[in-house]
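The values are calculated or read from the model by the stated rules, or taken from the named source; none is laboratory data. Small disclaimer: the values here were computed from a predicted structure and weren't measured. Neighbour counts run over all protein chains shown; Cβ positions are idealised from the backbone, glycine included. In case anyone asks, the SASA skips ligands and DNA or RNA and just uses the protein heavy atoms, side chains included. Shrake-Rupley method; radii C 1.70, N 1.55, O 1.52, S 1.80 Å.
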Amino acid sequence: MILLTDRPPQLETPLHYFRQDLTPNEAFFVRWHLEGIPASVDLRTFRLNVSGHVRNPLQLSVDDLRSQFEPVSIIAVNQCSGNSRSFFEPRIPGGQWKNGAVGNAKWTGVPVKSILDRAQASPGAVDVSFAGLDAPPLPSVAAFAKALSIDHARDGEVMIAYAMNDRPLPMVNGFPLRLVVPGWYGTYWVKALSNVTVLPQVFSNFWTDKAYRIPNAPNGTESPKHLATDTVPINRFNVRSIFVRPEPNEIWRPGRPNEIQGVAFDSGHGITRVDVSTDGGATWKQARLDAEIGKYSWRRWRANWTPERRGQYRLMARAANAIGETQSAEQWNRSGFMWNVIERVDLKVE
Ligand SMILES: Nc1nc2c(c(=O)[nH]1)N[C@H]1C(S)=C(S)[C@@H](COP(=O)(O)O)O[C@H]1N2
Ligand SMILES: [Mo]
């Protein structure tokens with residue numbers, strides 16, 4: 001793993017792990033906001049509390065979740081809003097992620113809908129908030145919590161996961177429970193989830209009102225000289241691809257056949273096409289797509305290429321989805337969120 005900060009821990013996944021469709025638990029990226037993260041959880045006493053605007057408040061153990069509800073599994077990409085932040089120009093403060101603040105895993109758990117049905121959320125419910133076990137260092141710092149609209153929380157896909165790739169969640173990825181919000185940025189995927197609160201009004205805290213907002217403009221873009229005044233909470237993934245091979249500054253040999261490889265994903269419409277250029281964008285050809293393994297999973301793409309001559313090459317990749325959305329030519333916002341500029345990687349042939 002690539003260490004960005006140690007308190008709180010922020011760890012980036014090295015690219016070579018993306019040669020597998022599912023990112024191994026041991027190598028999954030790690031992002032926390034607050035230093036006071038849980039280091040152990042006693043399952044004998046741990047309870048998930050479901051309360052607020054409900055007729056039947058619940059306290060559920062992890063065993064209750066495993067034994068009393070029908071499990072569901074989904075393969076889904078979890079990506080940090082700030083993935084690839086280091087590529088923005090002008091540069092943006094904050095975690096200088098390259099492309100590894102993302103991973104694809106099989107999540108197993110219980111739909112939030114089933115839990116809200118059992119808790120009998122009252123009519124008039126507006127939002128559902130989700131909070132975890134991590135604690136702020138000072139009373140003046142807001143505890144980490146996020147919220148979804150009641151309709152989103154009840155869509156049957158948003159789930160409380162107790163397993164990742166068929167194993168318990170790693171401690172740093174939210175043991176024993178985390179929220180999974182398919183197609184939405186990682187900030188909503190609350191880890192070490194302990195409190196679900198149904199609210200009769202719109203949820204509001206630092207993490208929704210001040211942080212994790214994007215310009216209310218196409219692709220969340222604004223100009224450094226004219227910052228947007230109208231902003232909205234970050235939400236669904238845009239379309240993007242990532243080069244898996246070659247890796248930056250890899251050296252390939254002239255005359256030798258090679259496979260260029262990458263992954264692409266969006267918020268669930270499905271990747272339908274990826275185009276690749278080996279000459280800095282002058283010409284493009286269509287990549288082959290591997291079979292889709294889930295609409296919220298990433299999809300692998302490949303292109304054969306035999307570099308003829310020695311030299312420096314710029315490879316580019318541009319993914320498109322089923323509703324015709326594609327990657328941007330340029331993009332900037334003050335937080336360094338939602339990077340989806342047409343991917344590029346430089347490689348030497350010698
Ligand atoms: N409790 C809690 N959950 C959290 C966070 C946090 O700081 N505390 N960070 C969020 C952010 S911004 C991201 S990108 C994802 C990262 O998930 P991972 O560490 O499992 O990769 O967790 C989310 N869930
Ligand atoms: Mo994030």
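ALA142 passes every criterion in (1) in a loop (DSSP other than H, G, I, E, B); (2) away from ligand 2 (no atom under 16 Å from the Cβ) apart from (2).
When the residues of region 211-222 are filtered to those that are part of a loop (DSSP other than H, G, I, E, B) and on the phi < 0 side of the Ramachandran plot, the one that is modelled with the lowest pLDDT is ALA211.
Pairing residues of region 286-308 that are free of Cβ contacts under 8 Å to residues at least 24 places away in the same chain with residues that are loosely packed, with under 12 Cβ neighbours inside 10 Å and not in a strand (DSSP E or B), at Cβ distances under 6 Å and at least 6 apart in sequence or on separate chains, gives no pairs at all.
Does ALA147 satisfy the criteria of being away from ligand 1 (no atom under 16 Å from the Cβ), of a type in the set (A, V, I, L, M) and at pLDDT 95 or above? The answer is no for ALA147. One residue stands out in region 145-165 among those that are in contact with a Pro (Cβ under 8 Å, 6 or more places away or on another chain) and part of a loop (DSSP other than H, G, I, E, B): the one that is farthest from ligand 2 (Cβ to nearest atom), namely GLY156. In region 67-76, the count of residues that are over 21 Å from GLU247 (Cα atoms), at pLDDT below 95 and touching a strand residue (DSSP E or B) at 6+ places or on another chain (Cβ under 8 Å) is zero. In region 21-29 there is no residue matching the filter, namely being part of a strand (DSSP E or B), buried (at least 16 other Cβ atoms within 10 Å of the Cβ) and under 18 Å from the mean Cα position of the chain (by Cα). Across region 223-239, what is the total count of residues that are under 22 Å from the mean Cα position of the chain (by Cα) and either under 21 Å from ARG91 (Cα atoms) or in a loop (DSSP other than H, G, I, E, B) (or both)? Counting residues in region 223-239 that are under 22 Å from the mean Cα position of the chain (by Cα) and either under 21 Å from ARG91 (Cα atoms) or in a loop (DSSP other than H, G, I, E, B) (or both) gives 6.
For (1) assigned by TED's automatic domain parsing to the domain that holds ALA192; (2) hydrophobic (A, V, I, L, M, F, W, C); (3) away from ligand 2 (no atom under 16 Å from the Cβ), each residue gets a yes or a no:
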position: LEU15; (1), (2), (3): yes, yes, yes
position: THR23; (1), (2), (3): yes, no, no
position: ALA27; (1), (2), (3): yes, yes, yes
position: ALA39; (1), (2), (3): yes, yes, yes
position: VAL50; (1), (2), (3): yes, yes, yes
position: SER61; (1), (2), (3): yes, no, yes
position: PRO71; (1), (2), (3): yes, no, yes
position: ILE74; (1), (2), (3): yes, yes, yes
position: SER84; (1), (2), (3): yes, no, no
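Number of residues in region 308-350 that are at pLDDT 95 or above, outside any strand (DSSP E or B) and under 22 Å from ARG288 (Cβ atoms) equals 7.
Residues in region 267-307 that are more than 30 Å from VAL158 (Cα to Cα), among the charged types (D, E, K, R) and assigned to a strand (DSSP E or B): ASP275, LYS285, ARG288, ARG302.
Taken over region 166-210, the residue count meeting the criterion of being assigned to a loop (DSSP other than H, G, I, E, B), closer than 20 Å to GLU35 by Cβ and open to solvent by 20 Å² or more (accessible area, probe 1.4 Å) is 5. On the stretch given as region 286-299, residues that are among the charged types (D, E, K, R) and touching a Phe, Trp or Tyr at 6+ places or on another chain (Cβ under 9 Å) total 3.
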